[in-house]
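The values are calculated or read from the model by the stated rules, or taken from the named source; none is laboratory data. Because the structure is a prediction, the values reported are computed rather than measured. In this analysis, Cβ positions are derived from the backbone assuming ideal geometry, glycine residues included, and neighbour counts consider all displayed protein chains.
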Amino acid sequence: MRRRVRQYGLVMGVCLVLFAGALPVYHLFGTGWAVALCAVASLLPPVAATLGSLADPDDPRDRDNRYGPNAD
């Protein structure tokens with residue numbers, strides 16, 4: 001469970017940094033780079049949700065999935 005929370009938090013942190021960094025990039029480098037940062041940042045929340053939902057095969061307490069290596 002801790003691995004999933006860490007991965008989710010890391011990916012969402014990167015997403016927030018990209019969104020927040022788009023404004024200075026817009027002023028320094030132009031619209032194209034800022035839009036590219038926002039486009040990449042908009043793709044990260046589904047990735048974070050997927051990583052947060054995956055079961056950890058090494059954690060015996062991670063049995064909240066119906067299918068997979070830790071299914072009952």
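Taking region 1-47 on its own, how many of its residues are touching a Cys at 6+ places or on another chain (Cβ under 8 Å) and among the aromatic types (Phe, Trp, Tyr)? Residues in region 1-47 being touching a Cys at 6+ places or on another chain (Cβ under 8 Å) and among the aromatic types (Phe, Trp, Tyr): 1 in total.
Looking across region 1-29, the residues that are in contact with an Asp or Glu (Cβ under 7 Å, 6 or more places away or on another chain) and without any contact (Cβ under 8 Å) to a residue 60 or more places away in the chain come down to Arg3, Arg4. Pairing residues of region 30-55 that are within 10 Å of Gln7 (Cβ to Cβ) with residues that are surrounded by fewer than 16 Cβ atoms within 10 Å (Cβ to Cβ) and not basic (Lys, Arg), at Cβ distances under 8 Å and at least 6 apart in sequence or on separate chains, gives Gly52/Val5.
State which residue is nearest to Val47 (Cα to Cα) when the search covers only region 2-32 and only residues that are under 21 Å from the mean Cα position of the chain (by Cα) and among the aromatic types (Phe, Trp, Tyr). Among those that are under 21 Å from the mean Cα position of the chain (by Cα) and among the aromatic types (Phe, Trp, Tyr), it is Tyr8. Filtered by the rule that a residue be farther than 14 Å from Leu10 by Cα, at pLDDT below 90 and part of a helix (DSSP H, G or I), region 38-56 gives a lone residue, Ser53. Restricting Val5, Val35 to those that are modelled with pLDDT of 95 or more and of a type in the set (Val, Ile, Thr) reduces the list to Val35. Candidates in region 8-18 are the residues that are modelled with pLDDT of 95 or more and of a type outside the set (A, V, I, L, M); of these, the one that is nearest to Leu37 (Cα to Cα) is Cys15.
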